[in-house]
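Asks: Please read through the structure below; I'll follow up with questions.
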Amino acid sequence: MAILKQDEAQALLKKVLAFSKADECEVSLNGREGGNIRYARNAVSTAGDISTITLTINSTFGKRTGRTTINEFDDASLEKAVRRAEELAQLAPEDPEYMPLQGPQTFKDSITYVPATAAITPDTRAAAVAKSIQVSKDAKLEAAGFLENTTSFDALMNSKGLFAYNTDTDIIFSITTRNQAGTGSGYAARGYNDVSKLDTFTATQIAASKANGSANAKAIEPGKYTVILEPVAAAYMMENMFRGLDARNADEGRSFMSKPGGGNRIGEQLMDEKVTIYSDPFHPELPAATWNSDGQPQEKINWIEKGVVKNLEYSRFWAQKKGVKPVPGPSNIIMEGGTASLDELIKSTERGILVSRLWYIRMVDPQTLLLTGLTRDGTFYIENGVIKHPIKNFRFNESPVIMLNNVEALGKPERTISVESYRSYLIPPMKLRDFTFTSLSDAV
């Protein structure tokens, strides 16, 4: 029962709403099924399948809302859950920011569902992982990795007549390879809606090359360097910035988008002209749902255009307070780039550092978005367009906003995932000047 078709989901939600006696009622239904394999030291350690479905009821009287969740779907259980939500609503304090439910909306059909991904079997996962492990063994390395595929659906209906439905497929893969001496490490991560785009063999080859190439690293002095961030490193660096595209946080002085003296930075040139960041649920490489959890349609929207802040997210409450149109948060994150490959960016660099991955990133100053963290899984010194040798890892102190003012060149965008959030991004490799490294790290 984990994946319901649109008409099945619609019928179930209508039944639940029919039990409601509240002023307003919203019901959401979410189901997912899939499987995973985890492996370490070139051997599978765990594997499993998951199948879940959950229904959530929000009942509102005036501005008081109660919520219940349930995974039993007989009539008696459904009615009991509705009554419980109504009881909780009567006990809840008023929400001063409550917004009335929306009426019917028009949503375009998404392109997030791929039948081949939905048809993945345990044998499919095992074959993909076997290719990865064999690459590691051939390179005399030890691999630890994770592969997971998911098919899911989301449905939303309310007492004002709104109904939304979406299905999605996803497969993610991450791999870390290390030499037996523990002196070299490599990493790769991939995520797609379409399983046919996943190549675990090639991804593991890249990780293996980094692991063998990063052994016997040399120490160089910390300081400001020209760096090339591979897409996975760039995604980790900018995740906190993507989360900060919110007008309320900016207007209330709590974000890097806050304007000195009050207000936000919409309309300001905040970054280099090469920087354009947008969302588009119909991008073929990174499709997304065409509606959000609040039942608002998702369309293509520019957040940063040629370095200028064009839009920020406005919740329905904050938009009403400010007298503007609501703007849903990003459905996905896409950053435009150029046509150069990673190798071409390296060849164009007289002296610099190639960063494969960043980790353990922590916020230092929310107002400037200053971050600190460490490089890992392959950091290399570049001289005269050639990788000369591996170098010891660094701690960095840098703001993605400052970083994106120091762009020298952008490569071709690639889809990558952050295993911190398990979210996919379409991000180019970046060549940046004056990236600040503050100290050395002995970690691999």
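Asks: Looking at segment 152-162, is at least one residue surrounded by fewer than 19 Cβ atoms within 10 Å (Cβ to Cβ) and under 22 Å from Asp280 (Cα atoms)?
Replies: The answer is yes, given that some residue of segment 152-162 is surrounded by fewer than 19 Cβ atoms within 10 Å (Cβ to Cβ) and under 22 Å from Asp280 (Cα atoms).
Asks: Looking only at residues that are under 30 Å from Asn292 (Cα atoms) and not β-branched (Val, Ile, Thr) in segment 332-357, which one is most open to solvent (accessible area, probe 1.4 Å)? Talk me through it step by step, then tell me what you get.
Replies: Let us first name the residues in segment 332-357 that are under 30 Å from Asn292 (Cα atoms), namely 332-337.
Still in the list and also not β-branched (Val, Ile, Thr): 332, 335-337.
Working: Asn332: 5, Met335: 1, Glu336: 88, Gly337: 40 Å².
Residue satisfying both the conditions and the ranking: Glu336.
Asks: Just give me the residues in segment 74-91 being open to solvent by 40 Å² or more (accessible area, probe 1.4 Å) and among the hydrophobic types (A, V, I, L, M, F, W, C), in sequence order. Steps first, please.
Replies: Here is the first cut: in segment 74-91, the ones open to solvent by 40 Å² or more (accessible area, probe 1.4 Å) are 74-76, 79-80, 83-84, 87-88, 90-91.
Hits for segment 74-91 are Ala76, Leu88, Leu91.
Asks: Hey, among Arg41, Arg32, which residue is under 25 Å from Asn292 (Cβ atoms), open to solvent by 60 Å² or more (accessible area, probe 1.4 Å) and among the basic types (Lys, Arg)? Explain how you work it out, then say what you get.
Replies: On the way: Arg41 fails: under 25 Å from Asn292 (Cβ atoms).
Testing whether each residue is under 25 Å from Asn292 (Cβ atoms), open to solvent by 60 Å² or more (accessible area, probe 1.4 Å) and among the basic types (Lys, Arg) leaves just Arg32.
Asks: Additional query: All but one of (1) in contact with a strand residue (DSSP E or B) (Cβ under 6 Å, 6 or more places away or on another chain); (2) surrounded by 17 or more Cβ atoms within 10 Å (Cβ to Cβ); (3) not β-branched (Val, Ile, Thr) hold for Gly184; which doesn't?
Replies: Exception for Gly184: condition (1).
To keep it simple, each residue is scored yes or no on (1) surrounded by 19 or more Cβ atoms within 10 Å (Cβ to Cβ); (2) among the polar types (S, T, N, Q).
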position: Pro93; (1), (2): no, no
position: Val114; (1), (2): yes, no
position: Arg125; (1), (2): yes, no
position: Gln134; (1), (2): no, yes
position: Leu147; (1), (2): yes, no
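Asks: Consider Tyr422 carefully, then state whether it is open to solvent by less than 70 Å² (accessible area, probe 1.4 Å) and in contact (Cβ under 8 Å) with a residue 40 or more places away in the chain.
Replies: On the way: open to solvent by less than 70 Å² (accessible area, probe 1.4 Å): no; in contact (Cβ under 8 Å) with a residue 40 or more places away in the chain: yes.
Judged against the criteria, Tyr422 is not a match.
Asks: In addition: Kindly list the number of the only condition in (1) in contact (Cβ under 8 Å) with a residue 60 or more places away in the chain; (2) within 17 Å of Arg351 (Cβ to Cβ); (3) open to solvent by 40 Å² or more (accessible area, probe 1.4 Å); (4) not hydrophobic (A, V, I, L, M, F, W, C) that fails for Thr379.
Replies: Thr379 satisfies all of (1) in contact (Cβ under 8 Å) with a residue 60 or more places away in the chain; (2) within 17 Å of Arg351 (Cβ to Cβ); (3) open to solvent by 40 Å² or more (accessible area, probe 1.4 Å); (4) not hydrophobic (A, V, I, L, M, F, W, C) except (3).
Asks: Now for a different question. Check off (1) part of a strand (DSSP E or B); (2) in contact with a Ser or Thr (Cβ under 8 Å, 6 or more places away or on another chain) for Tyr278 and give me the number that stays unchecked.
Replies: Of the numbered conditions (1) part of a strand (DSSP E or B); (2) in contact with a Ser or Thr (Cβ under 8 Å, 6 or more places away or on another chain), the odd one out for Tyr278 is (2).
Asks: Turning to a different aspect of this structure: It is to be established whether one or more residues within segment 324-342 are more than 17 Å from the chain's Cα centre (by Cα) and without any contact (Cβ under 8 Å) to a residue 24 or more places away in the chain.
Replies: Step one: list which residues in segment 324-342 are more than 17 Å from the chain's Cα centre (by Cα), which gives 324-327, 337-342.
With without any contact (Cβ under 8 Å) to a residue 24 or more places away in the chain added as a condition, the list becomes 324-325.
Yes, segment 324-342 contains a residue that is more than 17 Å from the chain's Cα centre (by Cα) and without any contact (Cβ under 8 Å) to a residue 24 or more places away in the chain.
Asks: Let me ask you something else. Just to check your reading of the model, which residue among Ile220, Ile228 is outside any helix (DSSP H, G or I), open to solvent by 30 Å² or more (accessible area, probe 1.4 Å) and farther than 22 Å from Thr368 by Cβ? Give the steps one after another, and end with the answer.
Replies: Working: Ile228 fails: open to solvent by 30 Å² or more (accessible area, probe 1.4 Å).
Among Ile220, Ile228, only Ile220 is outside any helix (DSSP H, G or I), open to solvent by 30 Å² or more (accessible area, probe 1.4 Å) and farther than 22 Å from Thr368 by Cβ.
Asks: A further question on this structure: Provide a single number: the residues in segment 392-420 that are in contact with a Lys or Arg (Cβ under 9 Å, 6 or more places away or on another chain) and of a type in the set (Ser, Thr, Tyr).
Replies: Kept after step one, since they are in contact with a Lys or Arg (Cβ under 9 Å, 6 or more places away or on another chain), are these residues of segment 392-420: 392-393, 404, 406-411, 415-417.
Remaining after also requiring of a type in the set (Ser, Thr, Tyr): 416.
Matching residues across segment 392-420 total 1.
Okay, residues lined up against (1) under 15 Å from Val401 (Cβ atoms); (2) among the basic types (Lys, Arg); (3) within 14 Å of the chain's Cα centre (by Cα); (4) open to solvent by less than 10 Å² (accessible area, probe 1.4 Å):
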| site | (1), (2), (3), (4) |
| --- | --- |
| Ala235 | no, no, yes, yes |
| Phe242 | yes, no, yes, no |
| Met257 | yes, no, no, yes |
| Pro260 | yes, no, no, no |
| Asn264 | yes, no, no, no |
| Leu270 | yes, no, no, no |
| Leu286 | no, no, yes, yes |
| Pro297 | no, no, no, no |
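Asks: Given the options Asp170, Asp138, Asp109, name the one that is open to solvent by 30 Å² or more (accessible area, probe 1.4 Å) and within 30 Å of Asn216 (Cβ to Cβ).
Replies: Asp138
Asks: How about segment 363-432: which strands (runs of 3 or more DSSP E) wholly inside it have at least 2 residues that are within 18 Å of Pro222 (Cα to Cα) and at pLDDT below 95? Lay out the reasoning, then the answer.
Replies: Values: elements: 370-383, 386-390, 393-398, 407-410, 414-418, 423-427.
Those strands (runs of 3 or more DSSP E) do not exist here; none qualify.
The values are calculated or read from the model by the stated rules, or taken from the named source; none is laboratory data. All figures in this text were calculated on a predicted structure; none of them were measured in a lab. A quick note on method: Cβ atoms are made from the backbone with ideal geometry, for glycine too, and the neighbour counts reach across all protein chains shown. Protein only, heavy atoms only, side chains kept; ligands, DNA and RNA dropped before computing areas. Shrake-Rupley method; radii C 1.70, N 1.55, O 1.52, S 1.80 Å.
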